[in-house]
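Quick notes on the structure that follows.
The values are calculated or read from the model by the stated rules, or taken from the named source; none is laboratory data. Quantities reported herein were computed from a predicted structural model and do not represent experimental measurements. Methodologically, a virtual Cβ is constructed for each residue, glycine included, from the backbone with ideal geometry; neighbour enumeration extends over all protein chains shown. These area figures cover heavy atoms from the full protein model, side chains too; ligands, DNA and RNA do not enter into them. Shrake-Rupley method; radii C 1.70, N 1.55, O 1.52, S 1.80 Å.
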Amino acid sequence: MIEDVLQVVEQSPRIVSLGVFLSLSVLYYFLFASKSKPLDVPSYDGNVTPYGVEFLSTIEKASAEHPDSIFRLNTANYDTLVLPPKYIDEVKAAPEAKFSIGAELYTRNLGRYTLIGTVGRAHGFVNSIRQDLNRNLALTFPTLQAETEYATGTSIGDCPEWKPIAVYSAALRMVALLTGRVFIGPQLSRNEEWIGASIQTTVDTFSGSFKLWNYHWSIRPIMARLLPEIQNIHKQNKRVAELLEPVLAERLRQMSQPDFKPPADMLQFFLDNLDGKDATYQAALQSAINVAAIHTTSMNITHVIYDLAANPEHIEPLRAELEEVISMNGGVWDKNSIIKLRKMDSFIRESQRMSPPGIVSMSRRVQQDVVLSDGTKLPKGTLVACDSWSATRDSNLWENPEVFDGFRFEKLRAIPGNEAKYQFVTSSPINMHFGHGSHACPGRFFVANEIKILMAHLIQNYDIALKPGCERPQSMYNNIMILPNMEGEVLFRSRR
Ligand code: HEM
């Protein structure tokens with residue numbers, strides 16, 4: 001009987017949701033109805049596409065019509081107020097008690113069920129990256145370098161002839177191996193179950209949250225128990241804890257020895273910065289950092305490889321720069337060389353400019369009624385974000401913004417006074433793809449090294465080209481996200 005009911009609930013989510021909604025709405029009105037009125041601003045819907053709803057053309061239209069004022073995007077889950085550039089400074093410096101990144105993540109992705117915005121919001125979690133990982137970047141360099149050979153060997157392999165490679169799958173595996181080596185160390189980073197969980201937890205987290213949004217809030221607790229994606233998150237966390245247990249026990253034993261030298265890995269940073277030492281908690285932290293790190297980096301690398309294949313005239317200059325920098329460094333490819341790779345840095349930034357991860361950035365939940373400097377009132381509970389797309393195509397900022405120019409930023413940096421500007425990791429109001437301000441992605445310095453080490457290996461060891469007669473695989477636009485084509489293939493051939 002109960003199973004029959006659950007089956008109906010699962011198969012007819014909208015009808016069941018409507019019924020429950022109607023019966024609870026009166027109660028809800030009296031108990032919880034927001035005391036703050038929503039802001040009265042123009043609203044925009046997205047375009048329905050085969051992939052869902054996309055907002056790219058919507059934000060272009062809305063920003064053109066309201067370049068200096070707020071508008072609302074009616075997104076698939078939680079409506080977002082898009083703030084124009086004049087408010088960026090107010091949001092970037094605001095405390096969590098006013099504009100919260102954690103509450104936004106938790107709200108938009110239903111963290112109560114998907115766990116997003118829970119353990120990963122602990123102060124010590126972000127500090128483990130912002131302080132410890134970044135302070136130890138030089139130590140992670142040889143680790144990443146050593147793992148690259150294995151990661152590319154098992155993801156792309158030897159290609160005596162041109163061989164089609166599914167880029168996104170290869171990138172996911174390479175990134176899981178590289179980050180895993182730094183985050184957890186070699187005992188687990190090559191374990192296939194660990195790699196699988198590192199990749200799959202993110203997929204389940206976002207697709208689970210996406211599916212749960214289809215149900216009224218009152219039945220989400222039931223649906224969360226039924227949805228395979230949400231069940232998988234918990235199963236994977238349990239399995240990750242089991243795999244982690246012996247490694248953690250050994251680390252805790254080593255830490256009790258007087259001659260202990262702490263390794264520069266995330267396990268150590270988490271143990272140093274956070275109180276929980278048990279496997280379940282430490283596994284949850286590893287899953288949280290994988291959600292932040294693996295797909296974001298893989299998408300970025302996928303775009304870079306597509307752009308290399310589509311713009312092959314960049315490959316020889318990139319190789320020449322690499323060889324020159326290594327030879328100037330006594331034939332050694334190490335951390336001192338990487339900062340000199342200006343062409344490569346420029347190429348990666350241009351790839352991100354053309355294909356950023358989303359159309360908005362600095363997404364925040366307004367935690368209390370906020371009055372902005374010009375008197376605009378943002379009600380508590382609103383989700384806000386800043387338009388990060390418009391700057392990517394602004395002809396006042398960039399010459400021929402629609403054209404891919406891999407060395408655009410190298411040329412800009414060559415202008416006296418600009419040397420330190422326009423880098424891949426530089427966040428600014430015109431480059432917010434890693435966010436901006438106090439919450440700007442703390443992992444971006446690590447990512448920049450990881451992508452450059454991988455790219456250096458790829459261009460040294462492979463020729464890369466589009467398949468004959470094919471164009472660059474087109475990006476997919478879903479909701480406020482921009483995703484690389486996940487099925488796209490590019491040809492690789494080993495260089496002899
Ligand atoms: C290309 C890859 C990546 C992209 C595009 C990316 C992008 C972002 C963005 C847009 C934000 C939000 C910033 C804001 O709202 O102001 C963010 C925050 C964050 N990212 Fe990344 N990220 C990447 C890789 C990583 C990696 C590898 C790590 C971990 C090593 C990481 C850890 C974090 C954390 C912990 C936060 C939250 C920071 C805070 O709350 O203060 N990210 N990232």
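Miscellaneous remarks
- Consider region 183-202 and keep the residues that are free of Cβ contacts under 8 Å to residues at least 24 places away in the same chain and out of contact with any Leu (no Cβ under 9 Å at 6 or more places or on another chain). The one that is nearest to Ile129 (Cα to Cα) is Pro186.
- Whenever a residue of region 292-311 is closer than 15 Å to Ala448 by Cα and hydroxyl-bearing (Ser, Thr, Tyr), its partners that are within 8 Å of the ligand (Cβ to nearest atom) and not in a helix (DSSP H, G or I), lying with C-beta atoms within less than 8 angstrom and at least six residues away or across chains, give the pairs Thr296/Pro357.
- Note on region 128-161: residues that are assigned to a helix (DSSP H, G or I), among the polar types (S, T, N, Q) and out of contact with any Leu (no Cβ under 9 Å at 6 or more places or on another chain) total 3.
- The condition of being open to solvent by 20 Å² or more (accessible area, probe 1.4 Å) and under 15 Å from Phe492 (Cα atoms) holds for only one of Pro164, Pro142, that being Pro164.
- For Trp389: the one exception among (1) in contact with a Ser or Thr (Cβ under 9 Å, 6 or more places away or on another chain); (2) open to solvent by 50 Å² or more (accessible area, probe 1.4 Å): (2)
- Residue match in region 196-216 (condition: under 21 Å from Gln268 (Cα atoms) and crowded, with 19+ Cβ neighbours inside 10 Å): yes
- Residue identified as more than 30 Å from Arg364 (Cα to Cα) and either within 16 Å of the chain's Cα centre (by Cα) or more than 16 Å from the ligand (Cβ to nearest atom) (or both) among Ile453, Ile464, Ile482: Ile464
- Some residue of region 319-331 being under 24 Å from the mean Cα position of the chain (by Cα), surrounded by fewer than 22 Cβ atoms within 10 Å (Cβ to Cβ) and not in a helix (DSSP H, G or I): no
- Residues in region 71-93 that are of a type outside the set (Phe, Trp, Tyr) and open to solvent by less than 10 Å² (accessible area, probe 1.4 Å): Leu73, Thr80, Leu81, Val82, Leu83, Pro84, Ile88, Val91.
- The set of residues in region 117-131 that are touching a helix residue (DSSP H, G or I) at 6+ places or on another chain (Cβ under 7 Å) and open to solvent by 20 Å² or more (accessible area, probe 1.4 Å) comprises Gly117, Thr118, Val119, Arg121, Asn127.
- Inspection of region 411-430 finds a residue satisfying the criterion of being surrounded by fewer than 18 Cβ atoms within 10 Å (Cβ to Cβ), more than 9 Å from the ligand (Cβ to nearest atom), assigned to a helix (DSSP H, G or I) and of a type in the set (A, V, I, L, M).
- When we screen Val403, Val447 for residues that are within 15 Å of the ligand (Cβ to nearest atom) and either in contact (Cβ under 8 Å) with a residue 24 or more places away in the chain or assigned to a loop (DSSP other than H, G, I, E, B) (or both), the only hit is Val447.
- Among (1) within 14 Å of the ligand (Cβ to nearest atom); (2) open to solvent by 30 Å² or more (accessible area, probe 1.4 Å); (3) part of a loop (DSSP other than H, G, I, E, B), the one test that Arg365 misses: (3)
- Of all residues in region 178-198, those satisfying the criterion of being away from the ligand (no atom under 14 Å from the Cβ), within 19 Å of the chain's Cα centre (by Cα) and of a type in the set (A, V, I, L, M) are Ile195, Ala197.
- Any hit, region 290-304, residues being within 16 Å of the ligand (Cβ to nearest atom) and open to solvent by 40 Å² or more (accessible area, probe 1.4 Å): yes
- Long-range neighbours under 8 Å by Cβ, at least six apart or interchain, first residue closer than 13 Å to Leu188 by Cβ within region 243-260, second at pLDDT 95 or above and open to solvent by 80 Å² or more (accessible area, probe 1.4 Å): Leu243/Glu193
- Residues of region 116-145 that turn out to be under 16 Å from the mean Cα position of the chain (by Cα) and among the hydrophobic types (A, V, I, L, M, F, W, C), as a count: 3
- Only one entry in Ser346, Ser327, Ser337 is within 25 Å of Leu397 (Cα to Cα) and hydroxyl-bearing (Ser, Thr, Tyr), namely Ser346.
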